[in-house]
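**Q** Attaching a single structure in structure tokens format; questions to follow.
The values are calculated or read from the model by the stated rules, or taken from the named source; none is laboratory data. Here the structure is a predicted model, which is why all the values come from computation and not from measurement. Every residue, glycine among them, receives a Cβ derived from its backbone with ideal geometry; neighbour counts consider all protein chains shown. Surface accessibility is based on the protein's heavy atoms, side chains included, excluding ligands, DNA and RNA. Shrake-Rupley method; radii C 1.70, N 1.55, O 1.52, S 1.80 Å.
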Amino acid sequence: MGIIADNYKRLRDSIPPEVTIVVASKTRTPEEIEEVISAGATDIGENYVYPEAFNKYNLLREKGHSVRWHLIGHLQKNKINKALSIFDLIQTVESAVKAEHIDKRAEGIGKSIIPVLLEINSGREKAKTGFPPDCSIVEEAIKEIERLNHIRIKGLMTMGPIFGDPEDARPYFKTTGELFEELKGIEPLNARMEILSMGMSNSYQVAIEERSNMVRIGSLIFGGRT
Ligand SMILES: *Cc1c(COP(=O)(O)O)cnc(C)c1O
């Protein structure tokens, strides 16, 4: 076992078992991903649908690896069909309109259901997409998306502003965690608020303290990106 496997195992042992680790593997080779799968990783997150994620998915499938694939990068309209053919969870639905596009494509290719997370722009950053962390706005979007036959909302995802000191990210995680709880309490939403995806290599501990149950980790496992 190499250093990647060791890093994954150490991380896995250090956080609660109910927190899912999505291994963020953009720019990493299939061999690197195989090493982390051999160490027990069950969930792989990719940012670029085609060709990067598509090729890695097919290669690893051929080799018999069955893991769950998460789209954690922005989904372009012209990549929706390909995304539907490989991903188990699309974490980056940033508008009701995007959900409608996904629903239409799913219908077209005969895909019954695609689970999704709504992306929250928790820092209200101009350069980022996503719903503002505002309960009534997100609730309104959920009501629209719920009518679509091929989409199931499973929860929320946020990146939040990136800081050197993860404590600076806490307020954004806290806001998103509270939004998650608030939406859970609203009945009768057809959406199930089960997954709260937040926290990266330098911020996952703070994110877990603020209710995250899914962290997306890259550099802590693979080393820094070059
Ligand atoms: C790359 C990436 C991560 C992981 O970042 P690290 O700092 O390498 O852990 C998490 N989420 C998203 C959306 C990413 O693009």
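**Q** Scan region 30-63 residue by residue and report those that are closer than 23 Å to residue 74 by Cα, away from the ligand (no atom under 16 Å from the Cβ) and surrounded by fewer than 21 Cβ atoms within 10 Å (Cβ to Cβ).
**A** 30, 42, 50, 51, 54, 55, 58, 59, 60, listed by residue number.
**Q** Would you call residue 125 more than 21 Å from residue 194 (Cβ to Cβ), within 16 Å of the ligand (Cβ to nearest atom), at pLDDT 95 or above and in a helix (DSSP H, G or I)?
**A** No: the conditions fail for residue 125.
**Q** Out of 147, 124, I need the residue that is among the basic types (Lys, Arg) and either crowded, with 19+ Cβ neighbours inside 10 Å or under 20 Å from residue 179 (Cβ atoms) (or both). Which one?
**A** Matching residue, one of 147, 124: 124.
**Q** Continuing with the same structure: Condition test on residue 5, is it more than 16 Å from the ligand (Cβ to nearest atom), open to solvent by less than 10 Å² (accessible area, probe 1.4 Å) and not in a loop (DSSP other than H, G, I, E, B)?
**A** yes
**Q** Is it the case that residue 100 is under 19 Å from residue 130 (Cβ atoms), open to solvent by less than 30 Å² (accessible area, probe 1.4 Å) and touching a residue at least 12 places away in the same chain (Cβ under 8 Å)?
**A** Answer is no for this residue.
**Q** Still on this model: Please specify each residue of region 135-156 satisfying the condition of being free of Cβ contacts under 8 Å to residues at least 12 places away in the same chain and not in a helix (DSSP H, G or I).
**A** Across region 135-156, the qualifying residue is only 147.
**Q** Just give me the residues in region 7-23 being under 24 Å from residue 73 (Cβ atoms) and in contact with a helix residue (DSSP H, G or I) (Cβ under 8 Å, 6 or more places away or on another chain), in sequence order.
**A** 7, 8, 11, 15, 19, 21, 23
Conditions tested, residue by residue: (1) within 13 Å of the ligand (Cβ to nearest atom); (2) not aliphatic (A, V, I, L, M).
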residue	(1), (2)
156	no, no
163	yes, yes
171	no, yes
193	no, no
206	no, no
209	no, yes
213	no, yes
221	yes, no
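**Q** Continuing with this model, one more query. Looking at the structure I just gave you, is residue 18 in contact with a Leu (Cβ under 9 Å, 6 or more places away or on another chain) and of a type outside the set (A, V, I, L, M)?
**A** no
**Q** From 45, 64, which residue is at pLDDT 95 or above and at positive phi?
**A** Among 45, 64, only 64 is at pLDDT 95 or above and at positive phi.
**Q** Quick check on my filter: what residues within region 35-89 are within 20 Å of residue 103 (Cα to Cα), among the hydrophobic types (A, V, I, L, M, F, W, C) and within 13 Å of the chain's Cα centre (by Cα)?
**A** Passing the criteria: 69, 71, 72, 75, 87, 89.
**Q** Taking only pairs six or more apart or across chains, which ones have beta-carbon atoms under 7 Å, a first residue in region 61-84 that is over 18 Å from residue 30 (Cα atoms), and a second residue that is within 15 Å of the ligand (Cβ to nearest atom) and open to solvent by 20 Å² or more (accessible area, probe 1.4 Å)?
**A** Taking only residues 6 or more apart or on different chains, the pairs are 73/47; 73/48; 74/129.
**Q** Within 28 Å of residue 208 (Cα to Cα), open to solvent by less than 10 Å² (accessible area, probe 1.4 Å), assigned to a strand (DSSP E or B) and in contact (Cβ under 8 Å) with a residue 60 or more places away in the chain, is that true of residue 22?
**A** yes
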